[in-house]
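Reading through the structure tokens given below for one structure.
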Amino acid sequence: MSNPDDIKISAQDLRALVAGMFVASGLPNDAASRVAAGLVESDLEGMSSHGVMLVDMYLERIRRGSVSTNTSAQVVSDRESALVLDAGHALGQLTGEQAMELAIERAKRFGAGVVAVRHAFHFGTARRYAQAAAEAGCIGVVMCNTRPLMPAPGGAERVVGNNPVAIALPVAGPIPIVLDMATSEAAMGKIRMAAKAHRPIPGNWAVTSDGSPTTDATEAIAGMLLPSGGPKGFGLAFVIDLMCGLLSGGAVGGEVQPLYGDLLTAYDCSHLFIAIDVAYFCDPDEFRTRAAAAADRIRSGRLAAGVEALFAPGEPEWRRRQAAGQEVHLSPGVANMLVRFARELGVSAEPLDEGLQSKESRHAQA
């Protein structure tokens, strides 16, 4: 959601700026463009917590050596429909695309492809990779583990991450069907956004380190996130953690390091990518048509009082993306961060510089 203080920039200019910063940090042009495209797309979908606000953390980790400038993961095990990759701490957008491409290719050959990835890094939104599978005629499933952020029901210490899962289905028509959720009531990125904006958070998002309720985002970051649906969300997060880490031979639980902790220490999370070719089970066109009809039934359902519209999973993000067109709204804090890092790297930040200067001039005249 935009506000009057936002800085507006075209998506094309923002992609070019962010890509230039990654090139200046050691990535090849193509890889830098792919990472930038993934981050900007998240902003266009209204998922700013997974967008360009991450650039400073990514660049600092590259600078300090905990993120590699390698552009692909190494295949360490290849057994027809099952593969294991070692990402070597490369940027997750690059190894995530590679892993899902492999999963889709194996699904076309064997009916399903499963790719587990160890020594991985943050990959943005899981929906991007799941949707890539759906666009290829497959059901896409993507999971990732994080450092422990949530307590067990009744517990008073962090024991499991708010591990996300995304599932996308092939569907007729332009509107995707994709579930993309963290297993906490809110993603940590949203809480960090609230902290940067000095905004309170809902009371069911997190508790303090001693288990007390809080609406203070800073206290929440230092405390514990609450699982979505209580024990159900906790149980889902726990099995995602084990599936990602154990299948890949990578990190689980507390072996995953804080994303915003010591930037000299690799994040070291684990990913899992699954593609299921629906053509091995049924007629793909019939699958898409029936999926679209099911989504239409959701949209045409009876509305509760005060509700204006109903949406199928993934539709709100799609509608925000359509409404955004090719314009991104950045908070002044994120815009200033990008300008600062661009200057340090010798990259022109002219479009954002102009926007910030214009905003400051209007404020001075007010």
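Could you compute how much accessible surface residue 15 exposes when probed at 1.4 Å, giving the result in Å² to the nearest 10?
That residue has around 70 Å² of solvent-accessible surface.
Can you tell me, using C-alpha contacts under 8 Å and at least 6 residues apart, the relative contact order of the chain as a whole percent?
On the way: 792 pairs, mean separation 82.5, N = 366.
It rounds to 23 percent for the chain.
List the GluC sites (Glu not before Pro) within the range 1-102 that DSSP assigns to loop and that have no more than 15 neighbouring Cβ atoms inside 10 Å.
On the way: sites: 41, 45, 60, 80, 97, 101; in loops: 45, 80.
Loop-located and lightly packed - 80.
What accessible area per residue, rounded to a whole number of Å², is obtained for the range 75-155 using a probe radius of 1.4 Å?
31
Where in the chain are the DSSP H helices whose C-alpha atoms run 18 Å or more along the long axis and whose mean Kyte hydropathy is at least 1.0?
For the chain, where a helix must reach 18 Å along its axis and average at least 1.0, the hits are 11-24, 231-248.
Let me know the Kirkwood hydrodynamic radius for the range 50-204, please, with Cα pairs as the basis and the value in Å to one decimal.
About 17.1 Å, per the Kirkwood formula over Cα pairs.
Any idea what the dipole of the chain comes to, in debye rounded to 20, about its Cα centre with Lys/Arg Cβ at +1 and Asp/Glu Cβ at -1?
Numbers: 32 positive and 40 negative charges, 63 e Å.
So the magnitude is around 300 debye.
With both bridge residues required to lie in the range 17-132, what share of the DSSP beta bridges run antiparallel, to the nearest 5%?
Of the beta bridges lying entirely in the range 17-132, close to 45 percent run antiparallel.
What's the carbon and sulfur percent of the chain's accessible surface, probe 1.4 angstrom, rounded to a whole number?
Heavy-atom surface of the chain belonging to carbon and sulfur, 1.4 Å probe: 54 percent.
The values are calculated or read from the model by the stated rules, or taken from the named source; none is laboratory data. Being a predicted model, the structure only gives us computed values, none of them experimental. Positions of Cβ are backbone-derived with ideal geometry, glycine not excepted, and every protein chain shown enters the neighbour counts. Heavy atoms of the whole protein, side chains included, go into the accessibility calculation; ligands, DNA and RNA do not. Shrake-Rupley method; radii C 1.70, N 1.55, O 1.52, S 1.80 Å.
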